[in-house]
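Remarks on the structure that follows.
The values are calculated or read from the model by the stated rules, or taken from the named source; none is laboratory data. Computed from a prediction, not measured in an experiment: that's the story for all the values here. Note that we place each Cβ from the backbone using ideal geometry, even for glycine, and neighbour counts take in every protein chain shown.
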Amino acid sequence: GCWWKTHDLTSVFFDVLFVLRVRVSRLSAGSAALECYCMGECPEHRLNNTCTVDHPEAMCFHHVQEVYNDHTGKVEIESSYGCLREQGAILACKGHLTKHKAPMNIRCCSNSDLCNYDLKIDVVRHDDEPTNEDLYTDYTHLVIFLLALTMCLFVTGLLCLFYRRRRKRLESSSTENEHFLRNGSKSLLELMEVSITSGSGSGLPKMVQRTIARQIELDCSIGKGRYGEVYRASWNGEYVACKVFNSTEEPSWCRETEIYQTNLLRHDHILGFIAADIRGHRGVTQLLLITNYHENGSLYDYLTINCLDEEQAVEMALTACSGLCHLHTEILGKQAKPAIAHRDIKSKNILVKRDGTCCIADFGLAVRLNMHTNQIDVGGQNTRVGTKRYMAPEVLEETLNTSNFNSYRQADMYSFGLVLWEITSRITLPGVEKPTPYQIPYHDIVPSDPTFEQMRKVVCSYGNRPEIPGAWMKNE
């Protein structure tokens, strides 16, 4: 069938005449040499598509094979004709009996000149022999495999490069860790001083934090909050405070840790941050936030059991105000600090240090002003957050201008004003035996756990504020 596809009618006519002429010529001459039709396998300098062999075992052949055409994308049958001159030509004529990469067939003859011209054969395909399409597919698969292998090697190279760089960073961190914790000889105070002088003022290096977090031992509970429990803990013979967040409160832990590690946040009157880490303890995940420990507890606890003289009250008020002022202040420069608003100022979130001064604590609801975009980073919180009793009127009415950072500052100052009232209420004034028992703001107007609506009515609708005793007004 393929031969007819490759010749037009004119060439067929002349080929038939040519074969008849050669056969008549051979019969008349009685030649012993065998003349074969050739196409595709013709020797050089031969004309009329013939070749001649003079050997007892010589034969003419017709060979067909499947070939994949790159241009058409199809498999085609390719034919070739010629002479087999060598001894053992009969073996070549049995070649179709063995498997080949591409299906093929060959037939031989020697009974007359140009006998192979009339041999009609088809390719022989063995049951498990691949077709040329299969071979082409295998080639495609090979190319795909090589490309995939190249990509894998490329990715592996990148991973190795990343691993080497990460290893160098870890080795650097480890060296830094050893610098901070060499032989456990440094106290927490010394560690903090080194971190301030050698770093950005945002806390200890990560590896040091992780080491401390894994070495602390929890002693006893000293308080509970909405996000977890606070423990007194010990590390290297020193007491620290460890706030353990509930596993469901990871966003709050992340936010407070993020705020504490703000550049240049460290200040005498802001609770000293030591470390933050996540660890497993008895099958439970613990989110730890470790800070300085102050045995006097919160301002709320201190005022509940202690009276103040005027000097003590002023010292507490000034130091707490100093911490809040530092929090609110934006510091420009290479090591810059953004302005931060607390949003939950109250006596329970202010701690009393051993020397009677105060420091601001608990930054889980804090917001920051982005110094580059001038946008306010609220950390996924809504506007009306904090302790309802201490909320500013604009927060209760939900009229706070959330696009203006000063609005958050002003709300903090309203809350701080209530704290000042609490401090002042515990001062022992001249001529007064002892101050009134400690009370929280609006204690005589709203219940212990008021609703938003109750506080809104008292503060906004009725305009109530904590009472100022007459004795305060008379004091010079």
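Of all positions in segment 85-103, none carries a residue that is in contact (Cβ under 8 Å) with a residue 40 or more places away in the chain and either more than 20 Å from residue 36 (Cα to Cα) or in contact with a strand residue (DSSP E or B) (Cβ under 7 Å, 6 or more places away or on another chain) (or both). Within segment 65-81, residues that are free of Cβ contacts under 8 Å to residues at least 12 places away in the same chain and within 15 Å of residue 139 (Cα to Cα) sit with their Cβ atoms under 9 Å from residues that are among the hydrophobic types (A, V, I, L, M, F, W, C) and surrounded by 14 or more Cβ atoms within 10 Å (Cβ to Cβ), at 6+ positions apart or across chains, in these pairs: 69/75. Residue count for segment 299-333 satisfying the condition of being within 30 Å of residue 372 (Cβ to Cβ), surrounded by 17 or more Cβ atoms within 10 Å (Cβ to Cβ) and among the polar types (S, T, N, Q): 1. For the residues 336, 392, 341, the requirement of being of a type outside the set (D, E, K, R) and over 20 Å from residue 270 (Cα atoms) singles out 392.
Taking the listed residues 262, 257, the one that is among the hydroxyl-bearing types (Ser, Thr, Tyr), in a loop (DSSP other than H, G, I, E, B), modelled with pLDDT of 90 or more and under 32 Å from the mean Cα position of the chain (by Cα) is 262, with no other qualifying. Residue count for segment 334-363, restricted to those that are over 23 Å from residue 241 (Cβ atoms) and either of a type in the set (S, T, N, Q) or surrounded by 19 or more Cβ atoms within 10 Å (Cβ to Cβ) (or both): 5.
Listed here are the strands (runs of 3 or more DSSP E) enclosed by segment 272-374 that have at least 2 residues being closer than 28 Å to residue 407 by Cα, modelled with pLDDT of 95 or more and more than 29 Å from the chain's Cα centre (by Cα): 350-352, 358-360. Before we move on, is residue 226 in contact with a helix residue (DSSP H, G or I) (Cβ under 8 Å, 6 or more places away or on another chain), in a loop (DSSP other than H, G, I, E, B) and not assigned by TED's automatic domain parsing to the domain that holds residue 377? For residue 226, the condition - in contact with a helix residue (DSSP H, G or I) (Cβ under 8 Å, 6 or more places away or on another chain), in a loop (DSSP other than H, G, I, E, B) and not assigned by TED's automatic domain parsing to the domain that holds residue 377 - is not met. Looking across 256, 249, one residue alone is crowded, with 21+ Cβ neighbours inside 10 Å, outside the structural domain of residue 437 (by TED's automatic domain parsing) and out of contact with any Pro (no Cβ under 7 Å at 6 or more places or on another chain). It is 256.
Taken over segment 269-301, the criterion of being in contact with a Lys or Arg (Cβ under 9 Å, 6 or more places away or on another chain) and over 19 Å from residue 235 (Cβ atoms) is satisfied by 269, 285, 296, 298, 299, 300, 301. Across segment 110-134, the number of residues qualifying as modelled with pLDDT of 70 or more and closer than 15 Å to residue 64 by Cβ comes to 10. Among the residues of segment 435-476, the one identified as among the polar types (S, T, N, Q), within 20 Å of residue 392 (Cβ to Cβ) and touching a Pro at 6+ places or on another chain (Cβ under 8 Å) is 454.
Out of all the residues in segment 197-208, which are more than 22 Å from the chain's Cα centre (by Cα) and either among the hydroxyl-bearing types (Ser, Thr, Tyr) or modelled with pLDDT of 55 or more (or both)? Within segment 197-208, 197, 198, 200, 201, 202, 203, 204, 208 meet the criteria. Among the residues of segment 411-438, those identified as crowded, with 16+ Cβ neighbours inside 10 Å and polar (S, T, N, Q) are 415, 424, 425.
Here residue 366 meets the list (1) of a type in the set (Gly, Ala, Ser); (2) in contact with an Asp or Glu (Cβ under 7 Å, 6 or more places away or on another chain); (3) buried (at least 20 other Cβ atoms within 10 Å of the Cβ) almost entirely, failing just condition (2).
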